[in-house]
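The values are calculated or read from the model by the stated rules, or taken from the named source; none is laboratory data. Everything numeric here is computed off the predicted structure, so don't read it as measured data. Neighbour counts are summed over all protein chains in view; Cβ atoms, including those assigned to glycine, are modelled from backbone coordinates with ideal geometry. Keep in mind that these areas ignore ligands, DNA and RNA; they rest on the heavy atoms of the full protein, side chains included. Shrake-Rupley method; radii C 1.70, N 1.55, O 1.52, S 1.80 Å.
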Amino acid sequence: MKYGILLVALLLMACSNVQKSDIDEFIIDPNIKNEVEKYIVDKPEYASFGDMEVYNNSIYVESFENDNLLLSSTDFSRKAPFKSFYYWNNDTLAIAGAFGLFGGTGFYIKIVDNKATLFHLLSADGSPSYAYNATDDFIFKLEVPCTDTKIVLSEMPDSTKKQLIYGYVEFKSADFYSGSNESLEGEKSKRKKMRNNMKIYFKSGFVKFN
């Protein structure tokens, strides 16, 4: 549970009824639960993370380094540990999910008045590893703007109840930079320009913050 709290701290630094918003596509569809269950596998060993949902999830990603395709895994056949949760901050619903148990790569959704914003979430483990711009210092967490976005949720959760919600996101991230502030003596720290296209199925449990 100690590691679950650490992950939350890093991430915080956040009949079908169709609802449109300023995102490309935002849909409420209870049937998405059936799709999600085809792509995720629960693991008993992840129970120690408490209210945060942790499970093995299928991967769809196209990763670009300096505008060249670095990695492509687009058939959902590979699986990796994935964590996800949602919480309320007054009238704002925040949903986060990321591959990786400590740090991670995934998404962050912010919904206010049924208007949704989707970001590509990157959270470093150990040392600051990400930057928004080529000349910025590296930091632990980024929320990178996205295009070609789609969000599907099984429902809008009730802020007074503890629920399990299911969903799907897809996006193409803007450019960001990865590397480290740390370097060998006399060697300039190297950074890479990156961007990711992702599709992610997920389920999220409610987490309450004091």
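So the values come out like this:
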quantity: Selection of trypsin sites (Lys or Arg not before Pro), segment 29-108, meeting DSSP coil and at most 14 other Cβ within 10 Å; calculated: 78
quantity: Estimated FRET transfer efficiency when R0 is 35 angstrom, pair residue 112-residue 136 (beta carbons, to 0.05); calculated: 0.80
quantity: Label-point separation, residue 89 to residue 159 (7 Å along Cα→Cβ), nm; calculated: 1.4
quantity: Carbon/sulfur fraction of accessible area - segment 47-204, other protein chains in place, 1.4 Å, %; calculated: 45
quantity: Inter-part distance where segment 63-82 and segment 94-163 are each reduced to a Cα centre, Å; calculated: 18
